[in-house]
Amino acid sequence: MNRSDKAAGRTIINAYRRAFAPLAELALPRLRVYHSGFTSNRVLAMTAQTNRQFLLAKRPVGAATRDTFTYQEVPVGTPGDGQVLVRNEYLSLDPAMRGWMNEGKSYIPPVGIGEVMRALGVGKVIASNTPKFAVGDYVNGALGVQDYFLGEPRGFYKVDPKLAPLPRYLSALGMTGMTAYFALLDTGAPKAGETVVISGAAGAVGSIAGQIAKLKGCRVVGIAGGADKCKFLVDELGFDAAIDYKSEDVPAALKRECPKGVDVYFDNVGGDILDAVLSRLALKARVVICGAISQYNNKEAVKGPANYLSLLVNRARMEGFVVMDHAANFAAAGQEMAGWMAQGKLKSKEDIVEGLETFPETLMKLFNGENFGKLVLKVS
């Protein structure tokens, strides 16, 4: 790395240390539907523009479809005291969005019927009535599935498109990266020389977690669907091996690639693959339940692990993970992640689909295994 590269790297690292600091107070608020009537006589030229929105119309049973949402177009309002108006540029599409549609106890309140569908995103401030953000600032926050966000910028933070492409702030340098970092290092606690297995390994979180495990000196085995994804994991991201669950016998492949057992299992899918890995646990193994995408659209009861007694036999631990539990440490983690990227040690792949109008169908790419990397929706 030459001197200019090192200087650029230090700039990025310092920027992310500052950027992630506000995330310690981040919450994902309910998104109000603002119509022009809410702005009283505070009408700017922006009100002539249209805000396309997707609202949650009903609680889906099984997979979400276009009928799950109400599409509407409303005039763009103007910010009141303490508010901003953001033109959304990119939205993060995540498996967690399916869970946010469900009623019931969870780590975050569900999206209300008639509310704008919740989504993290990045966009540009085009009007501001708060000293925290100026017109022209780019921000990351819970913007919602719409063209414009209007409201209080709770938990928002600034990002710099000169330092990294905007979609990157929704992947490795955003909440996806934080999830991979803390789920692996804090909950999984891998040690150099151990074997780490990651399901959904070509997805947003899995691909980052696997690279971090390699940086920590582990043998990393990824499970993904399709030859192209498996080749990418090994050839591009440096995984030691990859298992194609679509064409291979997963239990046999795990025995081949993990002859001494699995020390850390980073689970993103649940179901049959979780059961297969449980049968290969090493003594004192750690199982990180980061997601269970194979179960989110079940119309019946979620399928639990049948091989759970392996936890007893191997004195292993299985633990759930929610990224916001670690918000106080986001700044330090973001700094380290940015440093790895600046040094070329960490790669990020984004799968970008264009057009807000495609939202319902694009979201389903996650559950059909069609995304390759972090799924991002380009708004316009």
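None of the figures in this text is laboratory data; all of them are computed from the coordinates on show. These numbers were taken from a predicted model, which means no experiment stands behind them. Virtual Cβ from ideal backbone geometry, glycine too; neighbours counted across all protein chains shown.
Worth pointing out:
- Mean separation of Cα contacts under 8 Å (6+ apart) over length of the chain, as relative contact order %: 20
- Sorted by Cβ neighbour density within 10 Å, fewest at the top, the residues F367, F330, F359: F367, F359, F330
- Angle in degrees between helix 330-342 and the longest Cα principal axis of the chain, rounded to the nearest 10: 70
- Antiparallel DSSP beta bridges within the chain, percent to nearest 5: 55
- Other-chain or far-sequence residues with amide H under 5 Å of R286's (modelled H): V264, Y265, R317
- Gap separating the Cα centres of segment 245-306 and segment 123-153, nearest whole Å: 40
- Annotation note: GluC sites (Glu not before Pro) in segment 43-119 located in DSSP loop regions with a Cβ neighbour count of at most 15 within 10 Å are E103.
- Cα shape, segment 175-325, gyration tensor, a/c 1.5 rule: rounded
- Here the spin labels are modelled as points 7 Å beyond Cα on the Cα-Cβ line, and at N297 and T65 they lie 1.1 nm apart.
- For segment 283-380, GluC sites (Glu not before Pro) meeting the loop criterion (DSSP other than H, G, I, E, B) and having at most 15 other Cβ atoms within 10 Å: E300, E370.
- Taking 0.36 nm per residue of separation and subtracting the current Cα-Cα distance, fully stretching the chain between I108 and K284 would add 60.2 nm.
- Among G200, G210, G271, residue whose mean-square fluctuation peaks in a GNM of the chain (springs only between Cα atoms under 10 Å): G271
- Net +/- balance of residues flanking I223 in space, Cβ distance below 15 Å, scoring K and R +1, D and E -1: -2
- Scanning residues 5 or more positions from A242 or on other chains, those with amide H under 5 Å from its amide H are G222, with H placed 1.01 Å from N in the peptide plane.
- Calculated FRET value between N329 and D249, using beta carbons and R₀ = 35 Å, to 0.05: 0.30
- Karplus-derived 3J(HN,Hα), 6.51/-1.76/1.60, for each residue of segment 296-308, Hz, glycine and proline x: 5, 9, 4, 8, 10, 4, 4, 7, x, x, 7, 9, 5
- Label-to-label distance for D160 and V313 is 5.4 nm, based on points extended 7 Å past Cα in the beta-carbon direction.
- Quotient of Cα Rg and 2.2 N^0.38 Å for segment 326-378, N being how many residues it contains: 1.50
- Amide H contacts under 5 Å for K374: K349, E350, D351, restricted to partners 5 or more places along the chain or on a different chain, H placed in the peptide plane at 1.01 Å from N.
- Put in order of Cβ neighbour count within 10 Å, fewest first, the listed residues Y157, Y107, Y71, Y169 become Y107, Y71, Y157, Y169.
- Residue among L56, L312, L233 with the largest mean-square fluctuation in a Gaussian network model of the chain, springs linking Cα atoms under 10 Å: L312
- Computed extension gain for K58 through R256, at 0.36 nm per residue and net of the alpha carbon distance, reaches 66.7 nm.
- Fewest-first ranking of W100, W340, using other Cβ atoms within 10 Å as the exposure measure: W100, W340
- Residue by residue, segment 229-245 carries 3J(HN,Hα) couplings of 5, 5, 5, 4, 4, 7, 6, 9, 9, x, 4, 6, 7, 9, 10, 8, 5 Hz when phi is fed to the Karplus relation 6.51 cos²θ - 1.76 cosθ + 1.60 (θ = phi - 60°); x denotes Gly or Pro.
- Qualifying trypsin sites (Lys or Arg not before Pro) for segment 53-162 [loop in DSSP, other Cβ within 10 Å: at most 10]: K105, K162
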